[in-house]
Amino acid sequence: MLLNRYIWIVDTLRRYGSLTLAQLNEKWIASKVNDGQPLPRRTFMTYRNTIEEMFNININCNKSTYEYYIEDNGDNTFSTHINWMLDSMSISDTLQNSQSVAHRIMLEDVPSARHHLPVVIDALKQNLCIRFSYKSHIRASLNEGIVIRPYFVKIFKQLWYVIGFNVADDKIKTYALDRMSDLTILADKPFTMPEGFSPQEFFKDCFGITTNSNEPKEIKLRVEPVQAKYMRALPLHPSQREAVVHEGGYSVFTFKMRITYDLREQLLSMGGNVEVLSPPELKMQLKEELKRALALYE
């Protein structure tokens, strides 16, 4: 019940930008989270402090207008975290209160988050190494005793990954949490994050979870009208730009990205709705993949 109230306060301030306590109280009374009682100032202050401790979200007060607002530190990642957290919690709350129609709600099972994510997050908080066994899709045998310094986690296509420094291989690697087993935090192996290391910078020029050391390329795609609508709604990459919209309906999108496995797979999944115009090497790689696929049906 208290968690719902915390979510409601953050979500309301986020949506309205700033509110006085009286204005917030009006909306509180009209909402479903209260127990028929107003929100006393003392209770609000207690909730405010708890929100800061639990979620690292600061609710500040403009002393000239007495309006409360969520502090924006100018970091897009911070805003993304708030939105993702609130959306996830809101969905969780909705599902918990929808038992009568549970048989009509279809969900995807993401076991990696349930089993391993809390352990990895705990290691991130303490800057401690982790050890685990790993079953790669490209190796037949189980790789045991892997030790990494976990730098950050990333979700992609409903799967969680941890990216960290592999001590034995002396390089940064990516591991899917759903392929791990025997995961352990090594309390006797603390580490220090590299100075200036940024997860956002690490994947800046990449789509998905795969990366490489190649230089980013200027990529140009010819996209059919319906697919273009999807790409406008959900851009493939922050560098996406819609350069041309032709009278015939198709669009030309440009990007600056590294050519990676995940990018090729994404473009192939779009079928005939997308044509690679440049660079030539990406166009050739996709042609070879399509030839191999067609050969299976000859």
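Laboratory data are not the source of any read-out in this text; all were calculated from the coordinates shown. Since we're looking at a predicted model, the values are computed, not measured. Note: ideal-geometry Cβ built from the backbone for every residue, glycine included; neighbour counts use all protein chains shown.
Among Gln240, Gln99, Gln266, which one shows the highest mean-square fluctuation when the chain is modelled as a Gaussian network with alpha-carbon springs under 10 Å? Ranking Gln240, Gln99, Gln266 by mean-square fluctuation puts Gln99 first. The structure-derived value of Rg and Dmax of the Cα atoms in Å appears in the list (1) 19.5, 64; (2) 23.7, 75; (3) 17.5, 59 under the label (2). Comparing mean-square fluctuations of Val101, Val120, Val276 from a GNM of the chain with C-alpha springs under 10 Å, the top value falls on Val101. The charge dipole of the chain, taken about its Cα centre with unit charges on the Cβ of Lys, Arg, Asp and Glu (plus for the first two, minus for the last two), comes to roughly 180 debye. Projecting the Cα atoms of Thr254, Pro280, Ile9 onto the charge dipole of the chain, computed from C-beta unit charges around the Cα centre, puts Ile9 farthest toward the positive end. For the chain, averaging the sequence separation of C-alpha pairs within contact (under 8 Å, six or more residues apart) and dividing by the residue count gives a relative contact order of 11 percent. When shorter helices are ignored and each DSSP H run of at least 4 residues is given -39500 (n - 2.57), the per-residue value for the chain at 222 nm works out to -11500 deg cm²/dmol.
Which is the longest run of the chain containing none of the trypsin sites (Lys or Arg not before Pro) found in DSSP loop states (not H, G, I, E, B) with at most 16 other C-beta atoms within 10 Å?
Counting at most 16 other Cβ atoms within 10 Å as exposed, the longest clean stretch of the chain is 205-298.
Where q = 0.18, 0.21, 0.26 Å⁻¹, what log10 of I(q)/I(0) comes from the Debye formula for segment 103-156, counting one point per Cα? For the requested q values the scattering log ratios are -0.76, -0.93, -1.16.
Which one of Leu21, Leu177, Leu282 has the biggest mean-square fluctuation once the chain is modelled by GNM with Cα springs under 10 Å? For the chain, modelled as a Gaussian network with Cα springs under 10 Å, the answer is Leu21. Ranking Ile185, Ile163, Gly196 by Cα position along the charge dipole of segment 111-197, where only Lys, Arg, Asp and Glu carry charges on their C-beta atoms, puts Ile163 farthest toward the positive end. Between the Cα long axis of helix 117-126 and the first principal axis of the chain there is an angle of about 70°, rounded to the nearest 10.
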